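Laboratory data are not the source of any read-out in this text; all were calculated from the coordinates shown. Worth saying up front: this structure is predicted, and the values here are computed from it rather than measured. As a convention, Cβ positions derive from the backbone with ideal geometry for all residues, glycine included, and neighbour counts pool all protein chains shown.
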Amino acid sequence: MKTSDCDILIVPGYENSGPDHWQSRWERQLSSAWRVEQENWDAPDKDAWVERIAQDVKRARKPIVLVGHSLGVLAIAHAAPRLEPGKVQGAFLVGLPDAERPEFVPAIDRAFAPIPRDPLPFPSVLVASRTDPFCDYGKAEDIAYAWGSAFVDAGDAGHLNTASGYGPWPEGLMRFAGFLKRL
């Protein structure tokens, strides 16, 4: 699949992805990419986020590939059972946060936990860092297997966001292109 063959829905996490974040850069570079906007990026409500993803999937005119980061990954997992069967061709998921941790970000709706463990109804890949402050590597690997996702070890990469040095993230874009090619 080529990027022109699908709608690429960018699903950022808590506080959105700023202009230098790899998701924002991809959105600008890929003509078929657009962001799933949220009512309140700073006080995420799980049901509202899931509903927005479902609405955007429904209004898309082409097959869909979801690109989630951080809390956007969890929102996609929660939304998956509600999405029109066959419309989503795949999901590229990066930086899963562990919403089941007791010290999880207080501003985030506790309903993001528990993390869904049912297999995702579309092909997916989960990219995880060995030094992500928001999720232990072993937990991310366990969730990837539960979801039926291909698991990618990003090494020592923090949360794979701008703060950890991942603005352009060319390796991620190459991996995404490879994922699309297999769809």
Inter-label distance, nm, simple model (7 Å from Cα along the C-beta direction), residue 62/residue 1: 1.0 nm
Cα centroid of segment 76-113 to Cα centroid of segment 1-38, whole Å: 17 Å
Spacing of the two label points (7 Å from each Cα toward its C-beta) at residue 174 and residue 117, in nm: 3.6 nm
Lys, Arg +1 and Asp, Glu -1 on Cβ, resulting dipole of segment 1-108 about Cα centre, debye, nearest 20: 600 debye
Violating pairs (Cα-Cα greater than 27 angstrom) within the set 58/181; 2/46; 46/139: 2/46
Mean ellipticity per residue at 222 nm, deg cm²/dmol - from DSSP H runs of n ≥ 4 across the chain, formula -39500 (n - 2.57): -9000 deg cm²/dmol
Segment 46-77 residues near the modelled residue 139 label - backbone nitrogen below 14 Å, point 7 Å along Cα→Cβ: 70-71, 74
Dipole in debye (nearest 20) - segment 3-182, about Cα centre, beta carbon charges: Lys, Arg +1; Asp, Glu -1: 720 debye
Label-point separation, residue 42 to residue 109 (7 Å along Cα→Cβ), nm: 1.9 nm
Whole-number percent relative contact order across the chain, with pairs defined as alpha carbons under 8 Å at least 6 apart: 23 percent
Taking the convex hull of Cα positions in segment 46-183, its mean projected area over all directions (nm²): 8.0 nm²
